[in-house]
Structures are given as structure tokens and as C-alpha cells.
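Chemist: Here you go, one structure.
The values are calculated or read from the model by the stated rules, or taken from the named source; none is laboratory data. All figures in this text were calculated on a predicted structure; none of them were measured in a lab. Glycine also receives a Cβ, built like all others from the backbone with ideal geometry; neighbour counts cover every protein chain displayed.
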Amino acid sequence: ATPTALMVGTGRGAQLGILIKGPEVLETTRKVDTIVLDKTGTVTTGRMALLAVHTAGGEDEKQVLRLAGALEHASEHPIARAVAAGAAAEAGPLPAPEDFANVPGLGVRGVVEGHAVLVGREKLLGMGVPPGPEPVGGPRGRAITLPPALERAKAQAEAAGRTAIAVAWDGEARAVLEVADAVKETSAEAILRLRALGLTPILLTGDNKAVAESVAREVGIDQVIAEVLPQDKVDVVKKLQAEGRTVAMVGDGVNDAAALAQADLGLAMGTGTDAAIEAGDLTLVRGDLRAAADAIRLSRKTLGTIK
Ligand code: ADP
Ligand code: MG
């Protein structure tokens with residue numbers, strides 16, 4: 001590849017909203033045959049909304065929102081923002097949490113007004129991790145399970161393609177929150193274009209399988225790898241590479257950074273976190289997944305013209 005031709009390629013890339021780290025990136029795109037897509041913030045807008053609150057046995061909805069919202073207010077996760085905004089709207093000013101901790105890919109924990117609170121995946125409750133350095137109002141290390149009514153609420157929410165978030169405090173599950181996120185308008189067309197370039201799309205997410213499958217159906221992806229913890233996303237990419245595939249990965253979150261770096265071609269959403277952008281080889285400036293197809297087509301074309 002001559003430097004001039006590559007510069008033409010990258011200049012056109014900038015016009016299309018694609019930033020390319022270096023000319024060597026273009027070489028890889030020719031060989032890519034698989035494209036792994038993060039769900040939240042990549043295929044979906046990541047702008048979630050709190051849609052419903054299901055409480056267990058007479059729990060006060062405002063109290064649920066107050067305690068869950070207080071914790072989520074301290075997190076920057078798209079789900080956390082939705083819960084905090086919904087809680088503030090329903091329950092007024094939120095108290096400040098103590099001993100706040102973010103548990104990547106699972107949720108948040110901390111102490112709010114003396115209550116040891118957990119908000120996140122059912123798995124977070126099942127881990128028996130008590131919030132805070134001291135056990136507050138509950139035995140240390142005991143796994144919390146959802147009562148049947150909340151299990152049902154969770155299953156129904158997930159069947160409807162929504163994400164169900166569990167809320168527990170002082171050793172008891174108290175509520176299930178429903179949050180949902182819309183698929184980006186451009187995602188289905190992007191998947192079609194990627195397939196037309198001969199790429200196999202795979203949806204990769206930390207979210208529940210039912211939710212992931214519903215999103216996949218909506219955009220035309222038939223392979224789904226769900227319930228993957230942030231630190232394990234990189235292993236999914238490695239495994240696909242071990243099968244002999246050349247893998248592109250598209251992501252937006254801190255939790256995608258390692259997988260973006262591991263992939264043969266890392267594409268970061270420009271609307272995403274700095275960690276993702278730093279780890280990627282390419283940035284899709286506008287966060288439009290169609291630019292992923294444009295980037296691959298453009299790179300191949302650039303290389304084609306300079307053979
Ligand atoms: P994705 O891979 O789709 O970008 P994440 O790995 O960020 O998703 O999160 C995976 C799952 O963990 C979420 O779907 C949610 O159930 C749970 N989760 C993560 N962070 C939070 C949080 N702050 N509050 C509630 N749930 C959370
Ligand atoms: Mg994401």
C-alpha cells in the first residue's frame with residue numbers, strides 16, 4: 001500500500017465519520033469475517049428508561065425507588081442513569097449512599113440510610129456479597145433469592161424484551177425494576193450491509209439471554225452470546241479467533257475495552273467511553289453502526305485500488 005492511497009482512504013473515512021488510528025488498520029479489514037457487536041449503546045441507543053416497579057409483599061414503591069435510585073445515582077451505567085432519573089422523578093431528592101461500589105456487569109451495592117442495598121442482576125444477589133465493609137442489617141455472605149412473585153415479574157419483563165433489575169436490602173429481595181432501551185434506527189440496515197460484505201454478526205452482551213435474543217431478532221442477528229461478564233468478553237473474542245476467524249468487535253463501554261483491543265479490528269462508538277475509543281483501531285464518530293460497514297467497505301476499496 002502506498003502512503004498516498006492510504007491517506008486518501010483515511011480522508012474519505014473522516015468524511016464518513018470514521019476515524020482510523022493508522023494505515024496498518026486498513027490491511028486487517030480485508031480479512032475480517034466475523035463481527036461481534038456489543039448490545040447496550042452499540043446496537044441499542046443505551047438511553048434506557050425506567051418503565052415499571054414490581055414490589056414484593058407490601059414494600060413501599062417510593063422507598064424502593066429512593067434506596068435503589070440513591071445507589072444508581074452514583075453510577076454512570078445507562079441502566080443506572082435510567083433508574084436514578086425515574087427514582088428522582090417519583091421519589092424526590094435522593095439521599096447520598098455510603099460505601100458505594102460498582103460491580104462490573106452485575107450492578108451496584110452500597111449503604112443508603114443505614115440499609116445495605118444491592119441493585120442489579122439476580123446473580124449479584126445470589127453471590128452473597130454484602131454491601132459495605134461491615135454487614136449492615138443482614139448476615140454476611142448469604143445469597144439472596146427472588147420470591148416467586150418477583151421471579152414471575154422478572155420472567156414476564158424479559159419475555160417482553162426488557163431488562164429486569166433486582167433490588168434487595170438488608171438481606172431480602174424487595175423489588176424488580178423494568179428498564180428498556182430502544183434499538184437504534186440504523187442497526188437493522190447496518191447488519192444487512194455487514195452481511196452483504198460477507199461478515200457473520202454475533203451479538204455479545206452482559207444482559208439476559210431473553211432480552212439479548214429479542215434485540216437480535218429485531219435487527220436480524222441469529223447468533224447471541226449473552227450473560228457474559230465484562231472481563232469474559234475478551235475470552236469470547238479469543239475463542240472465535242482460535243476457531244480460525246478474523247474478528248472485528250464493535251463496542252462502546254469500559255467493559256468492551258479489552259475485547260476491542262483483542263479483536264483483529266476494534267471499532268469504538270464515538271458516542272461511547274474514552275476507554276473504548278482508546279482501545280479501538282477505528283472510531284465510528286456518530287455512533288451509527290452503518291459506519292462499521294462503511295469503514296470495512298472503504299478500507300477494502302482503498303486496498304483494492306492500490307494493489
Ligand atoms: P452490555 O454488555 O449489554 O453493554 P453490561 O455488561 O454493562 O451490558 O451489563 C450487564 C448487565 O448487568 C445489565 O444488563 C444489568 O442487568 C446489569 N447491570 C450492570 N450495571 C448495572 C447497574 N449499574 N445497575 C443495575 N444493573 C446493572
Ligand atoms: Mg455497551
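Chemist: How do the pairs read when you match residues in the stretch 30-51 that are in contact (Cβ under 8 Å) with a residue 60 or more places away in the chain with residues anywhere that are β-branched (Val, Ile, Thr) and assigned to a loop (DSSP other than H, G, I, E, B), using Cβ under 6 Å and keeping only pairs 6 or more apart or on different chains?
Modeler: So the pair list comes out as Lys31/Thr246; Val32/Thr246; Asp33/Thr246; Lys39/Thr205.
Chemist: Now for a separate question. Could you tell me which of the residues Val176, Val183, Val236, Val219 is in contact (Cβ under 8 Å) with a residue 24 or more places away in the chain and over 22 Å from Met269 (Cα atoms)? Please lay out each step first, then the result.
Modeler: Working: Val183 fails: over 22 Å from Met269 (Cα atoms); Val236 fails: over 22 Å from Met269 (Cα atoms); Val219 fails: over 22 Å from Met269 (Cα atoms).
Just one listed residue meets the conditions, Val176.
Chemist: Quick one: which of Leu289, Leu282, Leu298 is more than 22 Å from the chain's Cα centre (by Cα), surrounded by 19 or more Cβ atoms within 10 Å (Cβ to Cβ) and assigned by TED's automatic domain parsing to the domain that holds Lys21?
Modeler: So the residue among Leu289, Leu282, Leu298 that is more than 22 Å from the chain's Cα centre (by Cα), surrounded by 19 or more Cβ atoms within 10 Å (Cβ to Cβ) and assigned by TED's automatic domain parsing to the domain that holds Lys21 is Leu298.
Chemist: Quick one: which residue in Ala149, Ala188, Ala153 is away from ligand 2 (no atom under 16 Å from the Cβ), in a helix (DSSP H, G or I), under 22 Å from the mean Cα position of the chain (by Cα) and at pLDDT 95 or above?
Modeler: Answer to the check: Ala188.
Chemist: Also: I'm trying to understand the selection: among the residues of the stretch 243-255, which are over 11 Å from Pro104 (Cβ atoms) and crowded, with 23+ Cβ neighbours inside 10 Å? Talk me through it step by step, then tell me what you get.
Modeler: Pass one, the stretch 243-255, residues over 11 Å from Pro104 (Cβ atoms): 243-252.
Correct list: Val247, Ala248, Met249, Val250, Gly251, Asp252.
Chemist: Now a separate question. What about Asp222, is it within 16 Å of ligand 2 (Cβ to nearest atom) and under 19 Å from Ser187 (Cβ atoms)?
Modeler: When the stated conditions are applied, Asp222 does not pass them.
Chemist: Same structure, new question: Let me confirm something: among Gly92, Gly58, Gly114, Gly69, which residue is more than 16 Å from ligand 2 (Cβ to nearest atom) and modelled with pLDDT of 95 or more?
Modeler: Among Gly92, Gly58, Gly114, Gly69, only Gly69 is more than 16 Å from ligand 2 (Cβ to nearest atom) and modelled with pLDDT of 95 or more.
Chemist: Just one of Val228, Val254, Val250 is closer than 15 Å to Thr34 by Cβ and under 18 Å from the mean Cα position of the chain (by Cα); which is it?
Modeler: Residue meeting the stated conditions: Val250.
Chemist: Checking Arg195 against (1) away from ligand 2 (no atom under 14 Å from the Cβ); (2) in contact (Cβ under 8 Å) with a residue 40 or more places away in the chain, which single condition isn't satisfied?
Modeler: Here Arg195 clears every test but (2).
Chemist: Considering Asp33, Asp38, which residue is modelled with pLDDT of 95 or more, assigned by TED's automatic domain parsing to the domain that holds Gly198 and crowded, with 16+ Cβ neighbours inside 10 Å? Break it down into steps so the answer makes sense when it comes.
Modeler: Details: Asp33 fails: crowded, with 16+ Cβ neighbours inside 10 Å.
Result of the check over Asp33, Asp38: Asp38.
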